[in-house]
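A short write-up of the structure that comes next.
Every number here is computed from the coordinates shown, using simple stated rules; none is lab data. Everything quoted here is computed from the prediction, not taken from an experiment. Here Cβ is always computed from backbone atoms with ideal geometry, including for glycine, and neighbour counts include all displayed protein chains.
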Amino acid sequence: MRSSITRLFLMGFACVLLCNSNPAAAQGIKHFNGTITATNNGISIIPSFSLGRPAVFFDLSVGGDRLSFDPMFRFGMNGKPWSFVLWWRYKLIKDSRFTLTAGAHPAFLFQDMEVIVDGKPQKMFIANRYLAGEINQMYKFSDKFSAGIYYLHGSGFNPTGPKNSDFLALNTVISNLRLGKEFKLRMNPQFYFLSVDKGNGWYVTSSFTLSKDNFPISFQTLFNQKLSSTVPGDDLVWNVSLLYNFANNYRKETR
């Protein structure tokens with residue numbers, strides 16, 4: 001399993017390099033950036049699901065103006081893997097106001113599970129396999145306000161666990177709210193519908209990110225509240241996090 005995940009990661013990274021090195025496909029690698037997050041409670045892409053204990057995230061992105069490879073590696077603070085999500089994303093429409101992005105990923109969710117081996121129960125650390133696709137559209141109304149619709153469909157390939165999930169969200173971004181001369185606040189309210197196999201429900205969530213100009217570390221808190229749902233999970237999910245952001249933007253010389 002480790003070698004399979006490593007091969008997928010290397011194939012994704014190599015594909016971005018090759019695709020972006022082809023002038024017909026793009027104009028070269030334009031960015032390599034990422035975020036390292038330390039949090040008291042690991043929260044998933046779908047915020048109603050959480051690890052329930054401290055975690056560290058490594059979210060990376062490498063690519064060009066349109067095609068990118070965006071792997072997400074998430075671990076418990078004890079070093080145990082929680083999930084690996086290997087995103088491929090392509091910007092179908094990209095202008096100053098409106099963006100439309102399509103993406104897909106294989107994902108691996110790790111957990112301890114009791115299995116029967118030679119008629120005896122044994123506790124094993126297994127990887128559940130998933131495949132998902134997304135459509136994300138966003139319209140920028142001003143420098144401080146954007147809104148859009150996000151849709152994610154996932155399929156599981158495991159004897160246990162969810163087989164199908166659908167996540168449809170109305171996203172809003174309120175950014176660049178100045179708090180004095182050096183600090184700014186970003187808010188991400190979200191209203192969404194979630195369906196997991198036969199269960200479904202409605203939720204609201206919002207994150208608040210406080211950052212300082214020209215400083216790579218920021219502070220974030222997130223709250224997710226269940227409104228009405230038959231999907232198993234806590235009514236309220238929340239966390240606080242420290243984020244370290246890094247970026248290396250560059251352009252290749254073309255002749």
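Below, the figures for the structure above:
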item	result
GNM top mover of Gly154, Gly79, Gly119 - the chain, alpha-carbon springs below 10 Å	Gly119
Gaussian network model of the chain, springs between alpha carbon atoms under 10 Å - residue of Ile46, Ile36, Ile93 with greatest fluctuation	Ile93
All lysines inside 19 Å of Lys140 as judged from Cα atoms, apart from same-chain residues fewer than 8 positions distant	Lys91, Lys94, Lys184
Positive-end residue of Ala102, Gly79, Phe191, charge dipole of the chain with Cβ unit charges	Ala102
Rg(Cα)/(2.2 N^0.38 Å) for the chain, N = residue count	1.07
The chain, helix-only ellipticity at 222 nm - DSSP H runs n ≥ 4, -39,500 (n - 2.57), divided by all residues, nearest 500	-2500 deg cm²/dmol
Trypsin sites (Lys or Arg not before Pro) lying in DSSP loop within the stretch 51-145, provided at most 11 other Cβ fall within 10 Å	Arg97
Relative contact order (%) - criterion: Cα under 8 Å, at least six apart; region: the stretch 71-212	13
For the stretch 121-192: relative contact order, % (alpha-carbon pairs under 8 angstrom, 6 or more apart)	24
Exposure proxy ranking, count of Cβ atoms within 10 Å, fewest first, for Phe110, Phe223, Phe167	Phe223, Phe110, Phe167
Packing-based exposure ordering (other Cβ within 10 Å, fewest first) of Glu182, Glu114	Glu114, Glu182
Relative contact order (%) - criterion: Cα under 8 Å, at least six apart; region: the chain	15
